[in-house]
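Trainee: Below is a structure I'd like to ask you about.
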Protein chains: 2
Amino acid sequence: MRARLSTRSSAPVRQSSVRAHNLALVLHTVANNADRPSRAAVAATTGLTRATVSALVDDLIAGGLLTEVGPAPRTGAGRPAVGLVLGDTPAALGLEINVDYLAACVVDLTGAVRQRFVERADQRPADPGQALTALGGLAARARAGAEADGLILAGAALAVPGLVTEDGLVRVAPNLGWQDVDAPALLRGAPALADLPIAVDNEANLAALGELRVTGGDPTFLYVSGEVGIGAGLVLGGELYRGVRGWSGEIGHLTVFPDGRLCRCGARGCLEQYAGQEALADDEQLAASALGIALAAVVNLLDVPVIVLGGAYAPVFERLRDGIGTELRQRVLTAGLAPAELRPAALGADAAMRGAADAIIRGVRDDPADWLRRAG
Amino acid sequence: MRARLSTRSSAPVRQSSVRAHNLALVLHTVANNADRPSRAAVAATTGLTRATVSALVDDLIAGGLLTEVGPAPRTGAGRPAVGLVLGDTPAALGLEINVDYLAACVVDLTGAVRQRFVERADQRPADPGQALTALGGLAARARAGAEADGLILAGAALAVPGLVTEDGLVRVAPNLGWQDVDAPALLRGAPALADLPIAVDNEANLAALGELRVTGGDPTFLYVSGEVGIGAGLVLGGELYRGVRGWSGEIGHLTVFPDGRLCRCGARGCLEQYAGQEALADDEQLAASALGIALAAVVNLLDVPVIVLGGAYAPVFERLRDGIGTELRQRVLTAGLAPAELRPAALGADAAMRGAADAIIRGVRDDPADWLRRAG
DNA sequence: CCAAATAATTCAACCAATAAACAAATCCAC
DNA sequence: GTGGATTTGTTTATTGGTTGAATTATTTGG
């Protein structure tokens with residue numbers, strides 16, 4: 001298979017882009033190979049020559065993204081290989097604000113959590129400035145701990161339960177009572193964050209990214225997060241799909257019973273009224289079949305082979321499975337050909353925060369050349 | 001903005017990939033610029049140097065993909081520019097089989113229809129072999145006409161109302177009564193098609209691609225085609241989204257009334273029962289609100305800003321608009337922030353056939369280097 | 001008729017990957 | 001143990017593709 005450069009991008013490509021791509025390719029290859037591959041092994045799996053791989057690896061080692069480790073146990077004749085593993089810098093700061101807690105963590109390049117702070121407190125009475133200042137405090141502690149470990153931070157990302165525009169503006173976060181909050185600007189007020197690039201995204205989107213990291217396998221799935229509301233993160237071909245304005249995944253307001261219960265959004269019969277946290281506590285079987293109807297819609301529309309249930313759904317997954325499955329079997333046209341797989345989320349309550357840090361790490365892994373340039 | 005090579009592709013990139021990308025970039029730039037740009041103008045808009053553009057243009061002219069035309073009317077001092085326009089080779093064969101007709105057309109590189117043949121006849125009694133042989137006959141006439149015009153064909157694509165796998169196998173086409181039909185193999189039986197690459201895809205998917213060409217603007221929209229069943233083609237960021245197994249877009253089986261009418265798929269309350277061709281003839285307002293409920297689900301889930309109604313919906317669009325719009329305003333969470341736009345399809349009954357030819361043309365435009373090599 | 005301006009081409013330099021030769025470090029066989 | 005086989009990693013010349021500057025070509029305007 002020939003390498004295709006993304007045709008849609010209307011920017012010219014030069015030799016440096018080739019190097020950027022191949023740097024990412026080598027980095028990914030090492031990251032996805034747990035048994036300390038040698039330069040030669042990387043060359044074999046990527047299709048690049050050993051000479052090229054050596055040159056690329058030199059750059060990555062110089063930037064701390066890769067590290068040489070002692071040779072693997074003897075394996076036969078020949079000069080012994082020197083193994084490669086992912087380095088730990090740069091790391092990233094993952095932040096989360098939700099109705100009843102604030103959280104911050106630092107995740108290193110390998111995906112390991114190196115710092116973790118959670119502060120339980122009802123955020124609804126606080127105004128956005130207060131809440132984000134408090135979060136800045138947590139972030140400062142996490143950063144200090146990370147830097148004591150010798151980690152350099154590449155950036156920070158914040159998970160918010162609401163609609164977020166591309167430049168990080170929180171349009172609405174109904175359960176926090178926020179409207180049009182410039183979260184990056186407020187966060188930059190904290191000295192510990194002033195010098196970092198700051199991204200903001202929807203909580204379910206980022207949780208989906210976190211899940212993608214740990215599932216490893218399937219690059220296409222829907223992550224559904226049952227909270228007070230219901231959010232969803234859609235991962236298509238290994239990429240988070242955010243929608244044109246970044247407002248995708250509002251599965252909580254899919255109509256399941258057109259003339260049913262009135263929802264706080266003004267419409268009738270929204271999924272949220274039948275499978276939100278309150279409704280779930282009230283009647284699990286109703287929640288399961290409502291979820292099944294909505295998920296069938298997603299599968300019919302997008303041919304998504306895997307659905308991951310997180311948030312409040314994860315602990316009761318086994319009791320929901322049958323009810324959801326029944327609706328899926330009945331309502332998905334292709335259920336007979338290849339049924340969609342249903343499974344509980346692997347990450348717990350930390351999913352969004354870890355996914356946030358992961359989004360930054362992903363950026364570095366996907367474009368190491370950019371990081372090498374920035375890090376000088 | 002720096003050019004990003006698609007990181008996901010796990011193939012190495014070499015200098016020839018750079019050239020392939022830049023050839024496509026130049027070709028697109030000329031295609032999207034109606035007023036005969038010069039090499040210098042192309043260089044300015046792409047960011048490549050004039051030297052590079054000249055070299056690339058030479059290759060494209062040699063392959064017939066671009067043509068030089070007389071200079072544009074005087075514009076000031078200086079050596080007059082020689083204009084560039086898209087050539088007409090290669091062209092592509094678009095084929096369609098549907099319940100009550102067969103159709104074939106030839107579309108040239110610019111998107112112009114150069115040949116068109118339609119044969120009305122009920123295809124349900126015919127077995128797949130007979131039907132595709134008849135279609136092969138139409139294709140032969142279209143090809144002969146095109147070649148008399150000096151056109152070279154790059155390939156053929158067939159639109160089918162059913163589920164199609166990646167390698168062109170028709171798994172099910174309920175309204176034709178087909179099951180597991182190897183359409184490419186049967187088509188290759190026709191001498192006029194034996195030497196062409198043949199693609200097969202779902203009718204709504206291809207119609208959506210056809211629509212993408214003519215709308216020009218929005219690269220993200222949902223195309224909904226009302227036929228006996230209801231199909232949808234989803235275009236995200238200028239690319240058709242086919243789903244993991246190629247079975248996306250089954251919007252006809254979204255549940256709108258969970259305890260409603262029994263559908264031939266076995267489930268209850270499918271959209272098809274309320275907004276399929278029969279139901280539409282029966283009660284337009286019911287069809288509109290059912291459609292509205294289903295489309296609201298799509299917008300909530302995917303944040304799609306534009307919905308195009310085609311097939312049987314196009315002629316009655318004005319009478320459906322209000323009913324659909326009411327549901328969308330009520331049921332889409334972000335309707336207040338930025339309502340989705342609703343519009344009728346620009347192409348008529350030919351949409352799928354033209355979209356099929358267009359899919360081939362798109363392939364050439366997106367990777368002209370491959371075509372130059374093949375035609376070489 | 002010459003200067004200014006714009007278009008397109010030519011040519012040396014550069015960058016990144018390749019292929020092939022080479023050096024290093026081990027195993028294995030005698 | 002000593003020499004050949006084997007595998008890793010580096011070095012070097014070559015190739016393909018873009019760049020930038022200089023050059024040539026062709027027009028308008030004074």
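Trainee: Can you run down the residue pairs with Cβ atoms below 7 Å, 6 or more apart or on separate chains, where the first is in region A:330-343 and more than 10 Å from chain B (Cβ to nearest Cβ) and the partner is polar (S, T, N, Q)?
Mentor: Once the first residue is more than 10 Å from chain B (Cβ to nearest Cβ) and sits in region A:330-343, no partner that is polar (S, T, N, Q) comes close enough.
Trainee: Which one of these is of a type in the set (A, V, I, L, M) and part of a helix (DSSP H, G or I): A:Ala144, A:Ala159, A:Ala126? Step through it out loud before you land on a result.
Mentor: Values: A:Ala159 fails: part of a helix (DSSP H, G or I); A:Ala126 fails: part of a helix (DSSP H, G or I).
Residue meeting the stated conditions: A:Ala144.
Trainee: I'd like to check which helices (runs of 4 or more DSSP H) are fully inside region B:188-305 and have at least 1 residues that are surrounded by 24 or more Cβ atoms within 10 Å (Cβ to Cβ) and of a type in the set (D, E, K, R).
Mentor: Output list reads B:203-215, B:272-275.
Trainee: Every residue in region B:15-34 that is away from DNA strand D (no atom under 16 Å from the Cβ) and touching a strand residue (DSSP E or B) at 6+ places or on another chain (Cβ under 8 Å), please.
Mentor: Scanning region B:15-34 gives a single hit, B:Ala31.
Trainee: (1) at pLDDT below 90; (2) within 12 Å of chain A (Cβ to nearest Cβ): which one isn't true of B:Leu236, the others all being true?
Mentor: (1)
Trainee: Right, something else. Residue by residue through region A:241-294, note down the ones that are more than 7 Å from chain B (Cβ to nearest Cβ), aliphatic (A, V, I, L, M) and without any contact (Cβ under 8 Å) to a residue 60 or more places away in the chain.
Mentor: Once the filter is applied, which keeps residues that are more than 7 Å from chain B (Cβ to nearest Cβ), aliphatic (A, V, I, L, M) and without any contact (Cβ under 8 Å) to a residue 60 or more places away in the chain, region A:241-294 yields A:Leu262, A:Leu271, A:Ala275, A:Ala279, A:Leu280, A:Ala281, A:Leu286, A:Ala287, A:Ala288, A:Ala290, A:Ala294.
Trainee: Sticking with this structure for a sec: Go through region A:73-109 and count every residue that is in a loop (DSSP other than H, G, I, E, B) and within 13 Å of DNA strand D (Cβ to nearest atom). Spell out how you get there, then give the answer.
Mentor: Kept after step one, since they are in a loop (DSSP other than H, G, I, E, B), are these residues of region A:73-109: A:73-82, A:87-90, A:99-100, A:108-109.
Next cut, within 13 Å of DNA strand D (Cβ to nearest atom) only: A:74-82.
Residues in region A:73-109 being in a loop (DSSP other than H, G, I, E, B) and within 13 Å of DNA strand D (Cβ to nearest atom): 9 in total.
Trainee: Please pick out the residue among B:Asp358, B:Asp303 that is away from chain A (no Cβ under 14 Å) and in contact with a Gly (Cβ under 6 Å, 6 or more places away or on another chain).
Mentor: Going through B:Asp358, B:Asp303 in turn, the sole match is B:Asp358.
Here's the yes/no breakdown for (1) at pLDDT 90 or above; (2) away from DNA strand C (no atom under 16 Å from the Cβ); (3) farther than 25 Å from A:Ile360 by Cα:
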site	(1), (2), (3)
A:Ser54	yes, no, yes
A:Leu65	yes, no, no
A:Pro73	no, no, yes
A:Ala91	yes, yes, no
A:Gly94	yes, yes, no
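The values are calculated or read from the model by the stated rules, or taken from the named source; none is laboratory data. Model, not experiment: these values are computed from the prediction. We place every Cβ from the backbone using ideal geometry, glycine too, and count neighbours over all the protein chains shown.
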